[in-house]
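The next block holds one structure in the form of structure tokens; read it before the comments.
Read the figures in this text as sums done on the coordinates, not as results from a lab. Bear in mind that the values here come from a model prediction, so they are computed numbers and not experimental data. Positions of Cβ are generated from backbone atoms using ideal geometry, with glycine treated the same way; all protein chains shown enter the neighbour counts.
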Amino acid sequence: MSDAIATAEDTESSYDPTPKASWEHEELAQVKIKVIRAHNDSVNSCEYFDNDQKILTGSSDRTVKLFDIEEGVCTKTYHTRHSDIVTEARGTPDRSKFFTSSCDKSVQMFDSEIGKILWSGNHNGMVMTCKVSSDGKLAASGSDLDYCLKVWDVHTGEVIHNIPDHHDSTITSVIFAPDNDKIMTTSMDRTTKFFDLKTKKTTIHLQGHINVVSGCDITRDERKFVTGGWDKNVCVWDIATGTYRSKGPVKLNGAHEGSVSCVKFSPDGLMLVSGSYDQTICVWDVENEIQKIKLQGHTGWVEDVCFSQDQAWLMSCARDCSVRLWNIEDSDKIPIVLEKKKAVGVKITKCEKCGKPFSMANSEDYRELTHCVFCRVHSSTTFMENSQLDLMNPET
């Protein structure tokens, strides 16, 4: 770790009033699309920031940008000291800092208000991925060459865990569990690992993809885990019951024609979204194990995807230098694309709440559903509790 107190020239944080987001969809389109074009190269990561009021992006142009979500205006451009592309930029929960990883073999922690580097650290190889824990105390990064997982103290930059050869090939993604007691990593070695921060041991080793595992995510209740891979599959693992040990994962396939690059669960875990190098995005009904929506519009590889907290919006970024915001709150009106399934049939039924058609798995042991996934989302206990907390704590 180096003590990097940057000068204004090193990490200039500037107000950039242009360009502004634009609506780019046909007049009668069922999914409204807002597009932000502000980076000069591939946008490699995107996330909602400041209670979904802002957007934080990291790019191959070596900058990190902050956008106002209402107008889509870039409010700050952080000129990092990275000498190569920024592979990811991730904010702390209190919005005071953000963490970056780069192919220049370094990571950097920034003060998001004044744009100064608080500290920086190094790997022996290109740093492909980074994340910050939900309590804002730890940061993690993964690299190639030495296949190393490093865990950092967010405030001091001290290396808490240094695990070289954690995988047999490049680490492609890293995330913290919701309780921040373990870290999940995916790799080009076609495996996924769960590393327990207390015992300092790998507790789960998942093998189910036949090619590079590119990304992963976990539900807030830690019952479901998802991985996406270059074998074009999205795999959902039941880690609560451990049935994956005998039956393996549920594979959601047939939707993407290219490698799956990223996956993310909705806040309540009822949906998940996958992005692909085929330039498309798919939204899946997790319980029914079927594709709900397919979104097209990017003209480059999709690099990152995520849901807004109210689940009305999807955000994606791609190598076409753009960030797209997809309004999916009325997407249950869109005719469902039914994929061929060998073991499980699919039937269409009508939602008793909104009256709109939705698809449902027609298996013998599947419980009968009377509400579409979107009505289930808005009536779920988790969603209602989070909405009430937001109303009670508008400043958080």
Q: Can you pull the one-decimal nm distance between simple spin-label points at residue 253 and residue 198, each 7 Å off the Cα toward Cβ?
A: 3.8 nm
Q) Distance from the Cα centre of region 161-179 to that of region 70-120, in angstrom? A) 21 Å
Q | Calculated Rg and Dmax of region 13-342 using C-alpha coordinates, Å | A | 18.6, 56
Q | HN-Hα J in Hz across region 83-98 - Karplus 6.51, -1.76, 1.60, θ = phi - 60°, x for Gly and Pro | A | 9, 9, 4, 8, 7, 8, 9, 10, x, 7, x, 7, 6, 7, 9, 9
Q: Could you sort 133-143, 152-162 so that the peptide with the highest average Cβ count within 10 Å comes first and the rest follow in order?
A: 133-143, 152-162
Q | Charge dipole (region 13-342, unit charges on Cβ, about Cα centre) - positive-most of 266, 159, 139 | A | 159
Q: Scan around residue 161 for amide H atoms under 5 Å from its own, H built in the peptide plane at 1.01 Å from N, and keep only partners 5 or more places away or cross-chain.
A: 151
Q | Average Cα contact separation per residue, region 13-342, under 8 Å, 6 or more apart, as relative contact order % | A | 12 percent
Q: Report ³J(HN,Hα) in whole Hz for each residue of region 149-161, in order, from the Karplus equation J = 6.51 cos²θ - 1.76 cosθ + 1.60 where θ = phi - 60°; Gly and Pro get x.
A: 9, 10, 10, 10, 7, 4, 7, 10, x, 5, 7, 8, 10
Q | Gain on full stretching of the segment that runs from residue 71 to residue 29 - 0.36 nm per residue minus C-alpha separation | A | 13.1 nm
Q) Over region 60-108, what is the relative contact order in whole percent, taking alpha-carbon pairs under 8 Å and six or more residues apart? A) 29 percent
Q: Calculate the spin-label point distance for residue 296 paired with residue 94, positioning each point 7 Å from the Cα along the beta-carbon direction, and give it in nanometres.
A: 4.7 nm
Q) How big, on average over all directions, is the shadow cast by the Cα convex hull of region 252-307, in nm²? A) 3.4 nm²
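Over 15 Å, how big is the tail of the calculated P(r) for region 165-256, in percent of all Cα pairs? Before the final figure, lay out each step's value.
Working: 2366 of 4186 pairs.
Within region 165-256, distances greater than 15 Å cover 57 percent of Cα pairs.
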Q | Packing-based ranking, highest mean first, of 62-68, 51-57 given that Cβ atoms within 10 Å are counted | A | 62-68, 51-57
Q) Amide H to amide H under 5 Å from residue 143: which residues, 5+ apart in sequence or cross-chain, H placed 1.01 Å off N in plane? A) 128, 148, 171
Q) Points 7 angstrom from Cα along the Cβ direction at residue 122 and residue 83: gap in nanometres? A) 1.0 nm
Q) For residue 50 and residue 159 in the same chain, what is the full-extension length gain: residue separation times 0.36 nm, less their Cα-Cα distance, in nm? A) 36.5 nm
